[in-house]
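Engineer: I have a structure I would like to understand better, so I am pasting it below and will then ask my questions one at a time.
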Amino acid sequence: MEVIIRPDRLSAVDLTVRLIEKRLRDKPDLVLGLATGRTMEAVYAGLVASGVSFARCRTFNLDEYIGLPATNPNSYAHYMHTHLFSKVDIDPANTHLPYGMAPDLKLAAREYEDRIAAAGGIDLQLLGIGQAGHIGFNEPLSALMSRTRDKSLTPATRQQNAGMFGGDAQAVPSRALTMGVGTILEARELLLLACGAAKAGVIASAVEGPLTSRVSASAIQLHPSCKVVLDDDAAAELTGREYYDFVFSNEPEWAEFREETDR
Ligand code: GLP
């Protein structure tokens, strides 16, 4: 794992955008795993502004609420359409989200896994992190080998996401269809972005804490190619910062990003 800490949210987002843009330019038919949440809105705005082509890109989202149709403004399908898909040259047929309206959710989950496999697996999976320590909607005690399935959301997660539902946690669906931790770990590369002081505790647990299903994001420690991009506030509780900064300043892979972000 590599931890890259930027001075503020803008530069953390900027570095994340540049990394995704580079992967898309290097491999135009990239299979890109996408995430939702407020943190990602700026990433999608940055990708749109970059002008990079999504014409051959295929996307798979991490999760979707159960019971919200794509026409519902709070569904993740609607979120993706609003923030990215309607603003870039992607072929809608190449965009995939778990289908939270499926009459048979177990079948829908299996089919989602099949579609990822048929695309050749995910090249780059973008991740946010919930305050409960989740990636996707893998709430505490999600098996570290779990696959796409339906999950009940914790009260903390419903509270955290209430802002998008007029501040009413009861209005947030109680269940979601999400890629499993095992599904996420099969992506060839992981890129987790977290910003803000509210994420500092959970980032310290995920990055430096023990591997535990209580914090599903700690599973990223198992992944051979994982980058965690943070702003200063989200990095506040990390103890190994000096070393992480040293790596970012010295690794040849980061040279072009150091120049871009220091400009
Ligand atoms: C939701 C998503 C997660 C995301 C999290 C972070 O819970 N299911 O995939 O990581 O939001 O949200 P935010 O960026 O709004 O803090």
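The values are calculated or read from the model by the stated rules, or taken from the named source; none is laboratory data. All values derive from a computational prediction rather than experimental measurement. With ideal geometry, Cβ positions are generated from the backbone for all residues, glycine too; neighbour counts draw on all protein chains shown. Just so you know, the surface numbers come from the protein's heavy atoms only, side chains and all, with ligands and any DNA or RNA stripped out. Shrake-Rupley method; radii C 1.70, N 1.55, O 1.52, S 1.80 Å.
Engineer: Any residue at all in the stretch 174-186 that is more than 15 Å from the chain's Cα centre (by Cα) and either in a helix (DSSP H, G or I) or within 9 Å of the ligand (Cβ to nearest atom) (or both)?
Structural biologist: yes
Engineer: Filter the stretch 140-159 down to the residues that are open to solvent by less than 40 Å² (accessible area, probe 1.4 Å) and without any contact (Cβ under 8 Å) to a residue 40 or more places away in the chain, then identify the one that is farthest from the chain's Cα centre (by Cα).
Structural biologist: Going through the qualifying residues, I end up with THR154.
Engineer: Residues in the stretch 27-43 that are surrounded by fewer than 23 Cβ atoms within 10 Å (Cβ to Cβ) and under 16 Å from ASP89 (Cα atoms): how many?
Structural biologist: Total satisfying the criteria: 5.
Engineer: Still on this model: Hand me the list of strands (runs of 3 or more DSSP E) wholly inside the stretch 58-150 holding 2 or more residues that are among the hydrophobic types (A, V, I, L, M, F, W, C) and within 15 Å of the ligand (Cβ to nearest atom).
Structural biologist: Per the criteria, 124-127.
Engineer: What pairs come up if the first residue lies in the stretch 19-35 and is part of a loop (DSSP other than H, G, I, E, B), the second is within 16 Å of the ligand (Cβ to nearest atom), and their beta carbons are under 7 Å apart, counting only those six or more places apart or on different chains?
Structural biologist: Within 7 Å, the pairs are LEU30/LEU124; ALA35/LEU62; ALA35/LEU126; ALA35/LEU127; ALA35/GLY128.
Engineer: Here is a follow-up. Check the stretch 237-256 and report whether any residue there is modelled with pLDDT of 95 or more, touching a Gly at 6+ places or on another chain (Cβ under 7 Å) and among the β-branched types (Val, Ile, Thr).
Structural biologist: No: the stretch 237-256 contains no residue that is modelled with pLDDT of 95 or more, touching a Gly at 6+ places or on another chain (Cβ under 7 Å) and among the β-branched types (Val, Ile, Thr).
Engineer: In addition: Take ALA162 and decide whether it is free of Cβ contacts under 8 Å to residues at least 12 places away in the same chain and open to solvent by less than 20 Å² (accessible area, probe 1.4 Å). Outline the logic, then answer.
Structural biologist: Working: free of Cβ contacts under 8 Å to residues at least 12 places away in the same chain: yes; open to solvent by less than 20 Å² (accessible area, probe 1.4 Å): yes.
In short, yes.
Engineer: Which number in (1) open to solvent by less than 30 Å² (accessible area, probe 1.4 Å); (2) closer than 21 Å to THR39 by Cβ marks the one condition that GLY240 misses?
Structural biologist: Just one mismatch for GLY240, condition (2).
Engineer: Select from the stretch 21-44 the residues that are under 20 Å from GLY196 (Cβ atoms) and either of a type in the set (Gly, Ala, Ser) or away from the ligand (no atom under 16 Å from the Cβ) (or both) and write down the one among them that is farthest from the chain's Cα centre (by Cα).
Structural biologist: It comes out as ALA42.
Per-residue answers, yes or no, for (1) at pLDDT 95 or above; (2) within 14 Å of ASP63 (Cβ to Cβ); (3) open to solvent by 10 Å² or more (accessible area, probe 1.4 Å):
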| site | (1), (2), (3) |
| --- | --- |
| LYS87 | yes, no, yes |
| ILE116 | yes, yes, yes |
| GLY120 | yes, no, yes |
| GLN131 | no, no, yes |
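Engineer: Now, a different point. What number of residues within the stretch 191-211 satisfy the criterion of being surrounded by 24 or more Cβ atoms within 10 Å (Cβ to Cβ), more than 10 Å from the ligand (Cβ to nearest atom) and of a type in the set (Gly, Ala, Ser)?
Structural biologist: Count: 1.
Engineer: Kindly evaluate LEU47 against the criterion of being within 28 Å of GLU253 (Cβ to Cβ) and in contact with a strand residue (DSSP E or B) (Cβ under 8 Å, 6 or more places away or on another chain).
Structural biologist: Details: within 28 Å of GLU253 (Cβ to Cβ): yes; in contact with a strand residue (DSSP E or B) (Cβ under 8 Å, 6 or more places away or on another chain): no.
Answer is no for this residue.
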